[in-house]
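Taken together, the values in this text are just the output of simple stated rules run on the coordinates, not laboratory data. Because the structure is predicted, anything quoted here is derived from the model rather than measured. Positions of Cβ are generated from backbone atoms using ideal geometry, with glycine treated the same way; all protein chains shown enter the neighbour counts.
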Amino acid sequence: MGILSVFRRIDRKRWFLCSNCLTLTSHDTMKSLFYYTGTPEFFMGRPLIKCPRCGSTNTRSFQDIKNEGAESAIWALERIARKYPRRQFEVKK
């Protein structure tokens with residue numbers, strides 16, 4: 001992780017974690033994160049994004065995780081997102 005990556009801001013509304021991929025890959029976070037640049041559809045106030053890997057809609061944004069109060073989880077997820085280039089996680093729509 002570079003020195004400047006510490007200062008790079010993470011847009012929590014565009015980063016997502018797929019719970020289905022997390023289960024299928026034996027909790028491999030790298031294969032469960034993705035960055036979505038499109039406009040999400042909202043269902044009952046929650047963004048509904050389809051995972052590009054498995055097609056599941058069981059995804060949660062970093063902002064949702066932050067709002068739930070899971071500070072240690074969001075810290076670890078943001079650290080992974082900063083460590084690797086964004087293009088590794090981007091989803092084209």
Requested in this report: Among the residues of region 61-93, write down those that are in contact (Cβ under 8 Å) with a residue 40 or more places away in the chain and among the aromatic types (Phe, Trp, Tyr).
Outcome: Phe62, Tyr84, Phe89
Report task. Among the residues of region 14-61, write down those that are over 19 Å from Tyr84 (Cα atoms) and small (Gly, Ala, Ser). Result -> Ser19, Ser26, Gly38, Gly45, Gly55, Ser56
